[in-house]
Amino acid sequence: MARILSGILGGFEGKVGNVVGSRWRSISYIRSLPRRSRKEPSEKQLATRLKFSLASAFVYPIRSIVDVGFTDSKITDSTATANFIGQIINNAIVGSYPDLKIEYSKVIISKGGISPLKDLQITINSPSDIIISWSFTDGHFSGKGSDKVLAVLYDDLKKEYQILEDATRLSKQVKLNITDQTTSASLHVWLFCIEEKTNKVSESQYLLIKRS
């Protein structure tokens, strides 16, 4: 890939013959189109493609959440989404090709320096009435009561997300919005805190909820 430094016409976007022009962060680039290979892909190549497909399908619906969750980390050489996909591929995909899957307990959707939630507990009153609670005592190392608590609920069976953002540390609980359309017996939940003024975040915490 070549970087366009200057020119009479400046940078361009699109395809011209075997050359493609694009822009990223206000910088213009040109690259040649790759040649198609006639070789059959190896099993390793197929596994890499499948891993990327699994990770991308999981990440893209929550790109805006990922952008928030990694604001507090020092990502300078790639976007938060691309970095997150790479983390899932390297750390959270298990199994042997073609039986690959995401190990959700190894997924981290936010990474930062403020305090995580303390003493997380799950209360299941019924399959549709589930509450996640935590303890909070005001203190220097306990975070702030005004910190927003963001919960990401994932139904693996339907491949659907719910984002809950009405809770704070001080409220000490969040009630999950379980509807008739949420059919999975197991639900995956990630929670992390966002500091109100600075937008600094905590590292996400994962919970597996098994509905009877």
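Throughout, read-outs are computed from the coordinates displayed, never taken from laboratory work. Treat the numbers as computed from the prediction; the structure is a model and nothing was measured. All Cβ positions, even for glycine, are placed from backbone atoms using ideal geometry, and neighbour counts span all protein chains on display.
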For the pair Leu50 and Glu196, how long in nm is the line joining their label points, each one 7 Å along Cα→Cβ?
-> 4.9 nm
Sum of side-chain charges, Lys175 neighbourhood, beta-carbon under 14 Å (Lys, Arg +1; Asp, Glu -1) = -2
³J(HN,Hα), Karplus 6.51/-1.76/1.60, whole Hz, each residue of region 155-163, x for Gly, Pro | 9, 5, 5, 9, 6, 10, 10, 10, 10
Along region 166-177, Karplus-curve 3J(HN,Hα) (6.51, -1.76, 1.60; θ = phi - 60°) to the nearest Hz, with x for Gly and Pro, reads 8, 8, 10, 4, 5, 6, 6, 6, 9, 9, 6, 8
Extended-chain gain in nm, criterion 0.36 nm per residue less alpha-carbon gap, Leu208 and Ser184 | 7.5 nm
Length added when fully stretched, Ile131-Ser105, from 0.36 nm per residue minus Cα-Cα | 7.4 nm
What are the chymotrypsin sites (Phe, Trp or Tyr not before Pro) within region 112-177 that DSSP puts in a loop, where the Cβ has at most 12 other Cβ atoms within 10 Å?
-> Phe141
Count, lysine Cα pairs under 17 Å in region 144-212, 8 or more residues apart or across chains | 10
So if R0 is 30 Å, what FRET efficiency would Leu120 and Ser96 give, r being the distance between their Cβ atoms, rounded to the nearest 0.05?
-> 0.35
Taking the highest mean first, how do the peptides 165-174, 142-151 order by number of other beta carbon atoms within 10 angstrom per residue?
-> 142-151, 165-174
Phi-derived 3J(HN,Hα) across region 43-57 with the Karplus relation (6.51, -1.76, 1.60, θ = phi - 60°), rounded Hz, x for Gly and Pro, is 5, 4, 5, 5, 5, 4, 5, 5, 4, 5, 5, 4, 5, 5, 4
Between Lys175 and Ser142, what length in nm is gained on full extension when 0.36 nm per residue of separation is reduced by their alpha carbon distance?
-> 9.7 nm
